[in-house]
């Protein structure tokens with residue numbers, strides 16, 4: 001497990017490219033036949049990918065000791081979106097089929113978890129976010145047509161995009177975790193611009209659907225002290241609550257956003273005008 005400490009905004013201003021990447025970039029989310037796990041002290045979020053092949057990937061019981069509990073989800077909840085081939089998840093004996101670009105929410109208290117791919121040649125890729133939970137809500141699969149969908153932006157500003165909100169209060173109850181997916185249309189390059197911050201929540205972006213020779217320049221930092229991190233396909237970026245989180249790609253791409261924190265109000269944002277950015 002990779003552990004990331006919280007970084008103060010004043011400290012972040014002093015970091016060079018290598019330092020920013022070390023603290024905020026998750027360079028490898030998916031590893032064939034395994035699971036990855038990054039634990040951030042920022043709102044205690046856990047981020048990672050699970051990529052089963054012919055054999056299932058099982059979260060071991062010993063994982064709980066790492067968190068000071070009996071098992072991983074004893075005091076946590078977990079949301080995930082599958083960006084690979086069809087698969088399924090077994091949670092305490094209950095089976096949830098999760099097709100490509102569908103979501104699954106797992107409630108607090110699930111002890112036994114295993115992840116499966118329908119075809120090892122086209123494996124499932126379960127990208128997950130986990131956060132501390134104070135109550136148990138029912139686990140549920142969320143299909144594409146069950147997500148709240150909205151299309152925003154325009155070609156003139158190169159940010160025409162469709163947002164699917166899979167794990168939000170309008171779809172199902174959770175303690176903290178909210179997750180969704182944003183797909184840019186061909187020819188659009190910008191996400192979340194004009195940008196914003198939200199002091200009440202942190203956020204993580206996973207970028208995917210990118211060719212090997214493309215990249216996203218992920219913008220971060222305080223609005224008057226911006227920096228950037230170059231992000232490749234299937235890499236993630238941790239965004240503290242004091243930081244903007246926006247990006248521009250060399251071509252269109254898709255990203256998953258996940259948030260945990262004080263509230264689940266999607267529109268609780270402190271907007272920043274482009275003219276005020278530095």
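Computed from the coordinates by the stated procedures, all read-outs in this text should not be read as laboratory data. Since we're looking at a predicted model, the values are computed, not measured. Every residue, glycine as well, gets a Cβ built from its backbone with ideal geometry; the counts of neighbours run over all protein chains shown.
Key figures for this structure:
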quantity	calculated
Cα gyration tensor shape of segment 26-155, rounded if a/c is under 1.5, else prolate or oblate by comparing a/b with b/c	rounded
For the chain, built as a Gaussian network whose Cα springs stay under 10 Å, the top-fluctuating residue of 218, 41, 196	41
Bins of 5 Å from zero: percent of alpha-carbon pairs in segment 1-61	4, 16, 22, 20, 16, 10, 6, 5, 2, 0
Fewest-first sequence of 28, 94 by Cβ atoms within 10 Å of each Cβ	94, 28
Directionally averaged projected area (convex hull, Cα atoms, segment 123-261), nm²	9.1 nm²
Kirkwood Rh, angstrom, segment 140-199 [1 / mean 1/r, Cα pairs]	12.8 Å
Percent of C-alpha pairs per 5 Å bin, the chain, short to long	1, 6, 13, 17, 20, 18, 13, 7, 3, 1, 0
Label zone at residue 214, where the point sits 7 Å out along the Cα-to-Cβ direction: segment 245-278 residues whose backbone N lies under 19 Å	246-257
Segment 1-39 versus segment 194-225: alpha-carbon centroid distance in Å	14 Å
Shape of segment 96-168, Cα gyration tensor, a/c cut at 1.5	oblate
Cα-based shape type of segment 199-278, given that a ≥ b ≥ c are square roots of the gyration tensor eigenvalues and the cut on a/c is 1.5	oblate
Highest-fluctuation residue, 117, 241, 62 considered, GNM on the chain with Cα pairs under 10 Å	62
Rg/Rg_globular for segment 46-116, with Rg_globular taken as 2.2 N^0.38 Å and Rg from C-alpha atoms	1.07
The chain: most fluctuating residue of 173, 32, 52 per GNM, C-alpha cutoff 10 Å	32
